[in-house]
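The values are calculated or read from the model by the stated rules, or taken from the named source; none is laboratory data. A quick note: this is a predicted structure, and the numbers were derived from the prediction, not measured. When we count neighbours, we look across all protein chains shown, and the Cβ atoms used for this are built from the backbone with ideal geometry, even at glycine. All accessible areas refer to the heavy atoms of the entire protein, side chains included, with ligands and DNA or RNA removed. Shrake-Rupley method; radii C 1.70, N 1.55, O 1.52, S 1.80 Å.
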Amino acid sequence: MIELLSEPFMLRALLAALLTGFAAPAVGTYLVQRRMALMGDGLGHVAVTGVAIGLLTGTSPTWSAVLVAVLGAVLIEVIREGGHTNGDVALALLFYGGLAAGVLVTGLAGQSAARLQQYLFGSILTVSRTDLLVTAVLGSVIVIASIGLLPQLFTVALDPDFARVAGLRVRFYNLLVAVLAAVTVTVAMRTVGLLLVSALMVVPVATAQQLSRSFRGTLALAMSLGLLAAVGGLVAAARLSLSYDANVAPGPSIVLLSLLGFIAAWPVGVLARRRARLAAPFAAGQADVRRVEEQHAHVHGPDCGHPAVQHDDHVDYIHDGHRHAEHGSHYDEH
């Protein structure tokens, strides 16, 4: 195992996994906050056409996939902002049209389905130095933008109306997130594949949300969990391949390891939320605090005509928005 990890191709794969696992959840955190967790999956379908165009023209499939995915992301954002009733149908047509066109163009390029499968399900062990350089450059851009513009991107994702009132260019930042998601999809396609990239963008974020209560904490933890899942899944796949003399693909191993992390963190999150509710059973500003607002001579009782709320040891009467309690044979005013 040590000898395998020291091989040049394995070192390149480890570096690619590290970069991808660190960058993908950074953008995925904003997509989850905006309730667009499946956008990465749709962009993966669109990027298939870009890969096919690269194979047909003899250019780099990575750069052609970046170009097509960015165009698709911009179109998706325009459709989403339009708010049309049939917007989801338009997105579905775009997603499946991209996948179908990619398979068709790949055939026209004279390439086999096995060639396209490298990009659909990942082929991290075949990453070249050029691929690693491209991954490093694009991954760095994704991480720097996601962290450097955190206040603006978070505000736009949380409350677009408030962000607009505050003077932020909401459309620009929405487009920026969409473009970053498109670039992330193409960066991760050699690691986990275009059909599984959305899992690496979303699952670490969902796991981090179980353990963190702040957005910054979720972002940092999601990036750390993505890194561990990517590197751990690659090592696990290599170990299983050696132990059982099998061909275990790293991409599915990475995704399954991420899912196992979520399964382990979910009970912890449920317990933490339950303890938080028990510690603060009332929402902020709704605590059951009784105050003396004013004194008046009216005595409340069963025949006073005001609504009564029965408790175990007393009866509360509601009058003028204030609560008055009857204890035994006398009445206390709160």
Rank-order 94-104, 141-151 by packing density, defined as the average count of other C-beta atoms within 10 Å over each peptide's residues, highest first.
94-104, 141-151
Extended-chain gain in nm, criterion 0.36 nm per residue less alpha-carbon gap, V89 and R239:
49.7 nm
Rounded, prolate or oblate (a/c below 1.5 giving rounded, otherwise prolate when a/b exceeds b/c) for region 120-279 by Cα gyration tensor
oblate
Rounded if a/c under 1.5, otherwise prolate or oblate - region 1-79, Cα gyration tensor axes:
oblate
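Go through 61-74, 243-256 and give me the packing order, highest mean Cβ count within 10 Å leading.
Answer by packing, highest mean first, reads 61-74, 243-256.
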At 1.4 Å probe size, with the rest of the protein present, what percent of the exposed accessible area of region 1-63 is carbon and sulfur atoms?
68
Spread of Cα-to-Cα distances over 5 Å intervals beginning at zero, given as percent, for region 164-239:
3, 14, 17, 20, 20, 14, 7, 3, 1, 1, 0
